[in-house]
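Throughout, read-outs are computed from the coordinates displayed, never taken from laboratory work. Every value quoted in this text rests on a predicted model; they were computed, and no experiment measured them.
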Amino acid sequence: MNQLALPLQLADHAVFASFLPTGNESLVSALQAIADGKAKSGGYCWGSSATGKTHLLQAVCERAGDEPVYLPMTMLAASSAAMLQGLANRRLICIDDIDVVAGQPDWELALFDLYNQAVETGSCLLVSAGAAPRRAGFQLPDLQSRLSQLPVYQLHSLDEAATRAALQLRASHRGLDLPDETAQFLLGRQRRDMASLYQLLDQLDAAALRAQRRLTIPFVKQVLDDT
C-alpha cells in the first residue's frame, strides 16, 4: 500500500476475518462496502478506547489494496498539517484517531479543506474518533458540520461472551487453539480491553512456539507468573 513517504505499516492481523462483528454487524458491512468501492459516502466511526477502531480502518485499507492512504494521527499529530495536501486525489482516505488533533487550528483547517476537496474529486473519506463529531473537541464549527455529514457509526464494546469469542477468533487466525477454559481463565486474570488481551495473546503465541506447548491453563499460568 502506498502510505505517503512515511514508515507506516499495517498490522498483519488487522483484517476483517479476524474481527468479531457481534453487535457491530451494520458497521462492518458498511466498511466492507467502502473497501470494495461500493459505497462512496465514507464514514465517521467512533467508540471508546480498544473497541477495534484501528483494526477496522486498517482492515478497510488491507481489503482495498493500493487505493487507500492510511493516516494514524497518534503518530502524525506532531508533523505538519501540510501533509494532507494532495490527498484528495486518492480514492480512499482513512484517518485514524482524527480527534487527536482536535483543537489544533492548523490541523482543523487542513482537515476542513481536505473534506471539501474530497467532495469535489469524489474521494471517500473514512475517519475514526473516540467521540461523536460534535463531542470530539473540534473548535472549527465548519469542520464539525462537515464531519457530522458523514455517515456516523458507533462501535460498541463486546460483552464477556463475545470478548471470549473474539479472543478465540484472533487466536485461530494466528493458528492457535485457545480452549474455552483457557480463554475464560485469561478473562479472569487480565484486563478485558481487547488491546491488552491481544497483546497478551501475542506474548502467549511466542512462548508457546518456543516451548512447543499448547495453550493450556497450567502453561498460560506459568507464562503469566514468569512475567
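Here are the numbers:
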| read-out | value |
| --- | --- |
| Normalised alpha carbon radius of gyration of region 111-227 [divisor 2.2 N^0.38 Å] | 1.54 |
| Cα-Cα P(r), the chain, percent of pairs per 10 Å interval | 8, 32, 31, 19, 9, 2 |
| Rounded to whole Å, sorted largest first: equivalent-ellipsoid semi-axes of region 160-225, Cα gyration tensor | 17, 13, 11 |
| Amide H within-cut-off set for CYS45, under 5 Å, with H built and near neighbours excluded | VAL127, SER128, ALA129, TYR153 |
| Gyration tensor (Cα) of region 67-154, equivalent ellipsoid semi-axes in angstrom | 17, 15, 13 |
